[in-house]
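Below: the structure, in structure tokens.
Any read-out appearing in this document is the output of simple, stated calculations on the displayed coordinates, not a laboratory observation. These numbers come from a predicted model, not from an experiment. Using ideal geometry, Cβ is built from the backbone for each residue, glycine included, and neighbour counts are taken over all protein chains shown.
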Amino acid sequence: MGAINVVQGQKRQNVRVTDAKERLIGAAEHLFARHGVHRTQMNEINARAGQRNPSAVHYHFGSREGLLQAIIERHSAVVDAERARRLDALSAEPALADIVAAILVPLTAELGSESGRDYLRIVPQSLGAPIAPPAITAAFTLAEKALSDLPDPVRRERLSAMFLASSTLLAKRAADVEEGRVAGLDDATFIANLIAMATAMLTAPLP
């Protein structure tokens, strides 16, 4: 009987830990999106998550960066799975616009939920984070191959700039939706235009 009680107690403890982590991730996601990753105070996250322990973030995630990584991993698993599906459907020699669509369209699905919109507002702030899901790595490898006529430094600069610009536009779209501002384009047109602009950034004539 004592062993059963110990096991049940451990299960309850695990549930409490998981619940606390989820609350902290949700609170940080909300605050990071609206106030910035580095402007948000840890005590604000603890308060929104209902955590009285002032060291809760450090205990569960190690640091602000660990908490940010947990947010990114929560969303990138779903986004990258869709990206992998799109890559598998491409032809042997895909058009650059199709590769760009495989990179960006899975992100646009995040516009459909509050948590996803918060994530999109965080993405441009987290591009230096050491997380490289396999499908986005594969997609950028395909894009590099499609741009093989460009000098290496130019190709790298353009791919980096394309993703930064696109993620910033998605962050603005997410903020507009979340705050009730009327968007100038409907969703389908916005996505098609985003892909067209991103592709044009990569294929612009060399200076």
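Some observations on this one:
- With both labels modelled 7 Å from their Cα along Cα-to-Cβ, the Asp187 to Glu73 distance reads 2.9 nm.
- Nitroxide proxy distance, nm - points 7 Å out along Cα→Cβ at His58 and Glu144: 3.9
- Helix 96-108 and the longest principal axis of the C-alpha atoms of the chain enclose an angle of approximately 30°.
- Taking 0.36 nm per residue of sequence separation and removing the Cα-Cα distance, the Ser113/Gln41 pair yields an extension gain of 23.5 nm.
- For the chain, the longest principal axis of the C-alpha atoms and the axis of helix 2-35 are separated by about 40°.
- Against the chain, whose longest principal axis comes from its Cα atoms, helix 134-146 is set at around 10 degrees.
- [x] 153; [y] 162; [z] 105, with the label sought being that of the calculated volume of the Cα convex hull per residue in Å³: [y]
- Considering only Met42, Ala138, Gln69, the residue lying farthest towards the positive end of the dipole of the chain is Met42, judged by Cα position with unit charges set on Cβ.
- For the chain, built as a Gaussian network whose Cα springs stay under 10 Å, the top-fluctuating residue of Arg181, Arg48, Arg85: Arg181
- Estimated FRET transfer efficiency (Glu93, Leu127; beta-carbon r; R0 22 Å; 0.05): 0.15
- Cα centroid separation - the range 83-131 against the range 144-207, whole Å: 11
- Only DSSP H runs of four or more residues enter the estimate; each adds -39500 (n - 2.57), and after division by the residues of the chain the mean residue ellipticity at 222 nm equals -24500 deg cm²/dmol.
- Segment Asp176-Leu206, extension gain: residue separation times 0.36 nm, minus the distance between their alpha carbons: 7.4 nm
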